[in-house]
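Novice: What follows is a structure written as structure tokens; I'll ask about it next.
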Amino acid sequence: MRLMTVLTRPKSLWLRVPVWIVVALALMLAGRFCVDVVVPYRPKPIDDVAFLDHAVSDTVGPIRVTVAALSPQESHAVFGVHMALQGIQPVWIEVENGDTLPLFYLRAGTDPEWFSPFEVYWLNRFHAPRAANDRLRNRLYEHLFTNPIPAGETKEGFVFTRLDEAIKSIDLDLVGVGEVAYSFNFSAIVPGFRGDFEAVVGRDLYHPDSIVWLEREEELRAALERLPCCTANAEGDRLGDPLNLVLVGERHEVFPALSRRGWNPTEQTYAGAIWRTIRSFILRSRYRYSPVSPLYVFGRRQDLSAQKARGTIHLRNHARFWETPLRYRGDRVWIGQVSRDIGVRFIAAIP
């Protein structure tokens, strides 16, 4: 048997390169030479962005502080880049120092993992044009909140924190010479979030005649014992998880208290939220605001819901709350159900 070597002419290298790689390289090279018309950098004037409409303020002694957490849309309008895609959220801070000593703001108190303006610039920089990068960098530093805050003066600007949606807990610490210190705690609304809690905002669930007013703790305990023991399905013919938590407070107090303990509001069930849930399910990643399934008490689904994400979407702590007709010393009484979930199932609803 004879072995023969057959020499063949090599095919063109061009034919061996997939078309998508050629297109990608062409786009990358084109980006190196594009001009302002291709990648415009047009941030809006700060006064034209209405983020102060949802700002919150507080006064402690001679110090007044105002804060606002920007939504992704507001952030893009102010700085001209989609920094929310990088997990970054600007927070507006204004401090009126009525003290006789200068003060210093501690960024780590607001977010121990805050971003410096150069980090924000580097993560959001343009490949071209170079002039846009200069304007972006200058704008970040121009509107940065800086120390110190002189006595009798007002200082304002942005700090860059990790991204939160719906409600952002903002802790703000100011220190001065010696033992001078001021602390502020805010729960700031972030616009654009379609929260599950919005169903009860501004709505009275009970007729005034059905409200039960209580003053003594013994009365409250007895009234709670007469409430349902467990959640149920929509038809009310099957019991679910036990009710194991009671909160006392008004609506504007309950959720901020949960938020400060690391609980996140849940989104309504709509196309965008469903897609984010599916993506987290496939990638086994966290989705801090994933919708929760409805459970029923008093013949209605939960009035408020929250979750604390763990490692993946499969590992979550859920909390659901229902407003009761009870009022303890003038405040609303809520019963709730807290559970630790270890799995997610998708169920198709067929009419």
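The values are calculated or read from the model by the stated rules, or taken from the named source; none is laboratory data. In this text the structure is predicted, and so the values were computed from the model without any measurement. Counting neighbours? That spans all protein chains shown, and the Cβs are built from the backbone with ideal geometry, glycine included. When the accessible area is computed, the model is the full protein with side chains, heavy atoms only, and any ligands, DNA or RNA have been set aside. Shrake-Rupley method; radii C 1.70, N 1.55, O 1.52, S 1.80 Å.
Novice: In the neighborhood of Phe158, defined by Cβ-to-Cβ distances under 13 Å, what is the net charge if each Lys or Arg adds +1 and each Asp or Glu adds -1?
Specialist: Working: positive: Arg107, Arg139, Lys155; negative: Glu74, Glu94, Asp111, Glu142, Glu156.
Net charge around Phe158: -2.
Novice: Applying 1/(1 + (r/R0)^6) with R0 = 30 Å to the Cβ-Cβ distance of Gln86 and Leu205, what FRET efficiency is obtained, to the nearest 0.05?
Specialist: Details: r = 41 Å, r/R0 = 1.35.
My answer for the efficiency is 0.15.
Novice: Here's something else I'd like to know. For Asp47 and Glu225, what does the FRET efficiency come to when R0 = 56 Å and r is the distance between their Cβ atoms, rounded to the nearest 0.05?
Specialist: On the way: r = 56 Å, r/R0 = 1.01.
The calculated FRET efficiency here is 0.50.
Novice: Continuing with this model, one more query. Percent of Cα-Cα pairs per 10 Å bin, from 0 to the last occupied bin, for segment 72-143, please list those.
Specialist: 16, 45, 26, 11, 1
Novice: Hey, could you grab the Kirkwood Rh for segment 121-213? Inverse mean 1/r over distinct alpha carbon pairs, Å, one decimal. Walk me through the numbers on the way to the answer.
Specialist: Values: mean 1/r = 0.0545 Å⁻¹.
In segment 121-213 this quantity evaluates to 18.3 Å.
Novice: Rounded to the nearest percent, how much of the accessible area of segment 144-248 (1.4 Å probe, protein heavy atoms only) is carbon and sulfur?
Specialist: On the way: 3090 of 6150 Å².
On segment 144-248, the fraction of accessible area on carbon and sulfur atoms equals 50 percent.
Novice: Shifting gears a bit: For Arg329, what is the net charge nearby, where nearby means another residue's Cβ is under 10 Å from its Cβ and Lys, Arg count +1, Asp, Glu -1?
Specialist: Values: positive: Arg216, Arg327; negative: Glu215, Glu217, Asp331.
Net of charged neighbours comes to -1.
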